[in-house]
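A.B. asks: Below is one structure. I have some questions about it.
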Amino acid sequence: MKLNRENKLLIGLCTAAAILIVKLFNIQIVEDKYKLSAENNTMVYSTIYPTRGIILDRNGDIIVGNKVAYDLMVTPKEVTAFDTLALASVLDVDPDVIREKMKEYYNNRRRIGYQSVVMFKKIPQHTYMKFAEVAYKFPGFRGQPRSIREYPFNAGGNLLGYVSEVNAKYMEQHPGEYKAGDYAGMTGIEAAREKELRGEKGYNIWLRNSKNRIESRYNNGEDDKEAVPGDDIMTTIDAELQHYGQMLMNNKVGSLIAIEPSTGEILTMVSSPGIDVDMLADFGQHYNEILSNPYKPMFNRTVQAPYPPGSVFKLVNGLIGLQEGVFTPGTTYPCSMGYHFGKSKLGCHAHKSPVNFEESIMMSCNAYYCYVLRGILENPKYACIDDAMDTWREYVMSFGFGQKLGSDFPSELGGFIPDSKYYNRYYRKGGWKATTVISLSIGQGEIGCTPLHLANLCATIANRGHYYIPHIIKDSENVEIDPKYKEKHYTMVDTTHFPKVVGGMYRAVNSGFGSGGTASIAAVEGLDICGKTGTAQNPHGHDHSVFICFAPKDDPKIAVAAYVENGGFGNSYAAPIASLLTEMYLNGEIGEDRKGLEKRMLDANLMDRVKVKK
Amino acid sequence: MRELGGHRGRGLAKTIDWKLVIYYLLLILIGWANIYASVQSSEPSSIFDWGCRSGKQFVWIMTSFGLAGIILFVLSPRVYEGFSLPIYLFTLLLLVAVIFLGIEVKGSRSWFEFGPIRFQPAEISKISTSLMLATVMSQLGYRIGRMKDFILTALIILVPMGIIVMQSETGSALVYIGFIFMLYREGLSGWLIFMVGMAILLFILTLTASPFTAILVMAGVGSMCICLYSGRFKWWLLIGVPAIVLMAFVPSILGSLAGTPEEVVEGAVETVVENVSIFSKIKPLYILLAVLGCLLPVGAYRAFRQRNMFSQLALVAMVGGTLLVFSADFIFNNVLQDHQRKRIEVLLGMKEDPSGVGYNVNQSKIAIGSGGVFGKGYLNGTQTTYGFVPEQSTDFIFCTVGEEWGFVGCTAVILLYVLLIWRIVKNAERSREAFTRIYGYCVACCIFMHLFINIGMTIGLMPVIGIPLPLVSYGGSSLWAFTILIFIFIALDRNERKYF
């Protein structure tokens, strides 16, 4: 054979073919990594979803449990002609929905292939049983069990939180932890303890053939992984009390929080109106309904609503004044229907004059605290009012105000306490003085605290000067809580000043009607309730009714804060509700003489007073 | 059937090259069966079902047979030479028009759409360019060594190629490089192919190793060629090889001289520190360039004194090669499009990316690799049928072959192509007319380029370039084009057999 150009080219052709064949020989026969990869490609992992951890109350009662529901799966390839109407009536859905879905599966048949798709999610057990009886008529349809949440107590949706399928954004925020189809706690306790509650997914490995049909277990299931159920969580909530609080706040807008002062454990946390637990189980379906509710039930007022605290805040100003030495408990100040400065006046109600510190708390005298705040802000100790103002703020913040308390409950907000810079911005430096900000003395004006802050204040006073960060998860076998929840947090006010305040609060409740005590309605015989009313002025309508109380006086077991929007005076709604909750917790029942009050509170409907954006 | 001028040659059965026709039919059948295998799992239906691709392919096959019949029985083999220029110009027009009027498919504007039918002018362009080349190059007095003729030939190839590149169909344009083999057969210097090969090698070396390695290799190969050509191979072995080996050690020698700056103890004598910094500043590349720069004028002087044309050109080529090495990074980063760059990076192993760009190749290799020696059996493939492999009935059809028929099937298919190309080349060589010969080589080159690039892509030898496997991949446009391409050759060939 000549080595002419024709033959050279033919040799080249054979060489090129040889290169291809050698490479093929290499990947098809020599190397086995491609065969292993192919095996992985043919293995199908079917996820086993773990049951979510149970949420218990402080006494071990289940407040969030699990029950079985079914996802109706359909394998479009296996479906034969069926009676759409019969299926619709069994499942209690519109036949058109089924028709539409079948049409959609048909349009996507290439993508779906032999796979099963979820047709209806979370069908309740009784509906599924009806379907199961006639399932033989519907080849290609089957149910897949899935555990969903069950709520034996109406403990309130905002507290418990809801669980829903994760969306793209959520997966982005928790990279690598979730896949589409997983569920996660979105709010409340479910979100706070998602890590413990969710458990660990498992999987079964199946082999499929070239028709994409599942053929058998891989390796007889030896490589399968069991799902690990989520850990149970014990909360500090008292389910019965929570339920009672929920009833008391029914048809009112506001918050009700109870804390055990000696531990900081939250006993009750009601945000009203809330999400009904019946809706919680199937949150997705009710989502739009909840969102469109003008009272914003998703908004957790207990930790997110920054309200002016009203007269309750006088306790803080009083304690700061005592610590700063601007007055003594014996100091008396006059009150002539208010505090006059220049041409202005900060009004007060009719009571005896002059009053001392304890009496000022008992009667909630406005003028007294104007003197106190002026004393604090015009204290010659400080070079200018800016320094005095900032010192005051530091004191206030040491009570936990103006910042997130650091509770384990999610989405807590910090509220607002102004400082000198804030006023300098509004009035320019030197353009404001104590009387400009005088409304701070009675907890009005540029000040915002959440009901949780108020409950914490109450617990601080009950403890005579320290608090534990309010928290909602209890130490249990599975879950260890952060040690910060076991630390005492002292305020900047010496503990020696607190008994006087407690005295005033005791007298406000227990002096009897006609004595001038503002909270006589909250008195319960034998419980030694100490309380302070507040009436937060509301330029948009009825004033807000505020009350904090703790009991018993000398060995406080419970500290309560009630905030009823548009409730009027502190003693009209907040004080009765808070005292009823206290009584229920300490006595386990409501005394005969207070049954009338209880009924009035349970029946009261203030929803009309609340202005909502329509 | 009537023939021109009433001459009646030998009959149809004896003049048609049946072997070619059988190879053609076999490949089409293999393709059709594998298209069915790749779609049947998601949609089990008859192979003739119009709703799935195998059914549509059946229609394309039938129409292809119709086209083949027209070419064999209706058209006279004489028309091609006369009409090649109008056809060529018309195709150029289509190629340009499609940029403006075509629809966009996967980022390239290369398809016309008429109702349910889509077609790609680039496919026709292969035919028209082949015809045009055959026409021009078979003219009396054509000599490829003559500059005028060479430029004309180059233009015929480069103009459609350039327009196709502008359509962002780089893959289809690459096929035109294959014409270089035909040109070689027709007398083009073999050094041109050699230089194209070297350019590709230098490009890859620069990207994967370093410019130093690339230039060193080029210097070695270049000097060897010059010495070989002028019969001084011994000299090259004695001087060239040691010099190059020595240069190869320069980087490590420099490295050991420089030491690592961290080893210098704080407060050591300053001169030592200076020494170190001088050595670490010298880059081996500069030394190499300096050496070459000194040798170049010497070599050039000798080459011109001896009037050694080869040495002169070789030196020019080496300077060009050096420039290429230095512009390789620029071309790679600025001229190539993003997706092309990524594909090359993955191919050269510069980046591991099994789920991104490398996904196709990885899955395709898994599918082919899992076939083993004998494959999993027809319709039993698991990889190709779940859609792990993308484009499995078009560009990646070879995966189905690999998985279901194994190494044996793959080899058989490749050998079938080799037989087809071989047969075309042999027939072309046998032909007495330059037109038929040149056209035959063009056909062989087109099929070869498609074959090598497509299969090379599925097994990771080539970057992912989306061109079909001739006659096997799904698609009417491509099947028609190759049918016409092959059957024009069969008709031309038959015309000669009639009389000789």
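The values are calculated or read from the model by the stated rules, or taken from the named source; none is laboratory data. Just so it is clear, the structure is predicted and the values come from calculations on it, not from any experiment. A quick note on method: Cβ atoms are made from the backbone with ideal geometry, for glycine too, and the neighbour counts reach across all protein chains shown.
A.B. asks: Filter region B:406-464 down to the residues that are outside any helix (DSSP H, G or I) and over 18 Å from the mean Cα position of the chain (by Cα), then identify the one that is nearest to the other protein chains (Cβ to nearest Cβ).
C.D. replies: Applying the filter and picking the extreme gives B:431.
A.B. asks: Going by the structure shown, is residue A:556 in contact (Cβ under 8 Å) with a residue 60 or more places away in the chain and assigned to a loop (DSSP other than H, G, I, E, B)?
C.D. replies: So residue A:556 passes the test.
A.B. asks: Across region B:194-220, what is the number of residues that are surrounded by fewer than 18 Cβ atoms within 10 Å (Cβ to Cβ) and not hydroxyl-bearing (Ser, Thr, Tyr)?
C.D. replies: 9
A.B. asks: Within region A:559-576, track down each residue that is within 18 Å of residue A:244 (Cα to Cα) and part of a loop (DSSP other than H, G, I, E, B).
C.D. replies: A:573
A.B. asks: Residues of region A:60-113 being touching a Pro at 6+ places or on another chain (Cβ under 8 Å), within 20 Å of residue A:144 (Cβ to Cβ) and within 14 Å of another protein chain (Cβ to nearest Cβ), which ones?
C.D. replies: Selection gives A:78, A:105, A:112.
A.B. asks: Let me ask you something else. Look at residue B:213 and say whether it is out of contact with any Cys (no Cβ under 6 Å at 6 or more places or on another chain) and at pLDDT 80 or above.
C.D. replies: Yes; evaluated as a whole, the condition is true for this residue.
A.B. asks: Pairs under 9 Å by beta carbon, first residue farther than 19 Å from residue A:218 by Cα in region A:24-36, partner at pLDDT below 85 and of a type in the set (Phe, Trp, Tyr), six or more apart or different chains?
C.D. replies: If the second residue must be at pLDDT below 85 and of a type in the set (Phe, Trp, Tyr), the pairs left are A:27/A:34; A:28/A:34.
A.B. asks: Looking at (1) of a type outside the set (Asp, Glu); (2) part of a helix (DSSP H, G or I); (3) more than 20 Å from the chain's Cα centre (by Cα), can you tell me which one residue B:231 breaks?
C.D. replies: Of the numbered conditions (1) of a type outside the set (Asp, Glu); (2) part of a helix (DSSP H, G or I); (3) more than 20 Å from the chain's Cα centre (by Cα), the odd one out for residue B:231 is (2).
A.B. asks: Taking region A:3-27, which residues are among the small types (Gly, Ala, Ser) and at the interface with chain B (Cβ under 7 Å from one of its Cβ atoms)?
C.D. replies: Result: A:16, A:17.
A.B. asks: Now, a different point. List the helices (runs of 4 or more DSSP H) inside region B:88-186, counting only whole elements, that have at least 2 residues being surrounded by 22 or more Cβ atoms within 10 Å (Cβ to Cβ) and within 14 Å of chain A (Cβ to nearest Cβ).
C.D. replies: Where helices (runs of 4 or more DSSP H) fall fully within region B:88-186 and carry at least 2 residues being surrounded by 22 or more Cβ atoms within 10 Å (Cβ to Cβ) and within 14 Å of chain A (Cβ to nearest Cβ), they are B:179-185.
A.B. asks: Suppose we filter A:413, A:454, A:405 for residues that are under 29 Å from residue A:329 (Cα atoms) and surrounded by 15 or more Cβ atoms within 10 Å (Cβ to Cβ); which single one remains?
C.D. replies: Sole residue among the options that is under 29 Å from residue A:329 (Cα atoms) and surrounded by 15 or more Cβ atoms within 10 Å (Cβ to Cβ): A:454.
A.B. asks: Specify which of the listed residues (A:268, A:332) is over 18 Å from the mean Cα position of the chain (by Cα) and among the hydroxyl-bearing types (Ser, Thr, Tyr).
C.D. replies: The conditions single out A:332.
A.B. asks: While we're looking at this one, here's another question. Scan region A:252-295 residue by residue and report those that are surrounded by fewer than 17 Cβ atoms within 10 Å (Cβ to Cβ) and in a loop (DSSP other than H, G, I, E, B).
C.D. replies: A:262, A:263, A:276, A:293, A:294, A:295
A.B. asks: Among (1) out of contact with any strand residue (DSSP E or B) (no Cβ under 8 Å at 6 or more places or on another chain); (2) within 23 Å of residue A:500 (Cα to Cα); (3) surrounded by 20 or more Cβ atoms within 10 Å (Cβ to Cβ), there is one condition residue A:394 misses while meeting the rest; what is its number?
C.D. replies: Among (1) out of contact with any strand residue (DSSP E or B) (no Cβ under 8 Å at 6 or more places or on another chain); (2) within 23 Å of residue A:500 (Cα to Cα); (3) surrounded by 20 or more Cβ atoms within 10 Å (Cβ to Cβ), the lone unmet condition for residue A:394 is (3).
A.B. asks: Search region B:105-117 for residues that are of a type in the set (D, E, K, R) and pair each with any residue that is at pLDDT 70 or above and assigned to a strand (DSSP E or B) when their beta-carbon atoms are under 6 Å apart and the residues are at least 6 apart or on different chains.
C.D. replies: B:113/B:103
A.B. asks: Going through A:109, A:149 one at a time, which residue ends up being of a type outside the set (Ser, Thr, Tyr), in contact (Cβ under 8 Å) with a residue 40 or more places away in the chain and either surrounded by fewer than 18 Cβ atoms within 10 Å (Cβ to Cβ) or under 30 Å from residue A:411 (Cα atoms) (or both)?
C.D. replies: A:149
A.B. asks: Which one of A:590, A:548 is in a strand (DSSP E or B) and either touching a helix residue (DSSP H, G or I) at 6+ places or on another chain (Cβ under 9 Å) or polar (S, T, N, Q) (or both)?
C.D. replies: A:548
A.B. asks: Hey, another quick one. Kindly state which helices (runs of 4 or more DSSP H) lie completely within region B:294-400 and contain at least 2 residues that are at pLDDT 80 or above and away from chain A (no Cβ under 14 Å).
C.D. replies: It comes to B:309-330.
A.B. asks: Output the residues belonging to region B:42-87 that are small (Gly, Ala, Ser), assigned to a loop (DSSP other than H, G, I, E, B) and closer than 30 Å to residue B:30 by Cα.
C.D. replies: Matches in region B:42-87: B:42, B:45, B:46, B:51.
A.B. asks: Give the number of residues within region B:438-452 that are surrounded by fewer than 24 Cβ atoms within 10 Å (Cβ to Cβ) and in contact (Cβ under 8 Å) with a residue 40 or more places away in the chain.
C.D. replies: Within region B:438-452, residues that are surrounded by fewer than 24 Cβ atoms within 10 Å (Cβ to Cβ) and in contact (Cβ under 8 Å) with a residue 40 or more places away in the chain number 1.
A.B. asks: May I pose another question? Could you check region B:38-74 and list, in sequence order, the residues that are away from chain A (no Cβ under 14 Å) and modelled with pLDDT under 80?
C.D. replies: B:46, B:47, B:48, B:50
A.B. asks: Anything in region A:45-103 that is assigned to a strand (DSSP E or B), modelled with pLDDT under 85 and of a type in the set (S, T, N, Q)? List them, or say none.
C.D. replies: A:46, A:47
A.B. asks: Looking at region A:263-300, which of its residues are in contact with an Asp or Glu (Cβ under 9 Å, 6 or more places away or on another chain) and under 17 Å from residue A:457 (Cβ atoms)?
C.D. replies: A:266, A:267, A:268
A.B. asks: Sticking with this one: Against the conditions (1) among the aromatic types (Phe, Trp, Tyr); (2) more than 10 Å from chain A (Cβ to nearest Cβ); (3) assigned to a helix (DSSP H, G or I); (4) under 30 Å from residue B:337 (Cα atoms), where does residue B:489 fall short? Just the number, please.
C.D. replies: So the condition that residue B:489 fails would be (4).
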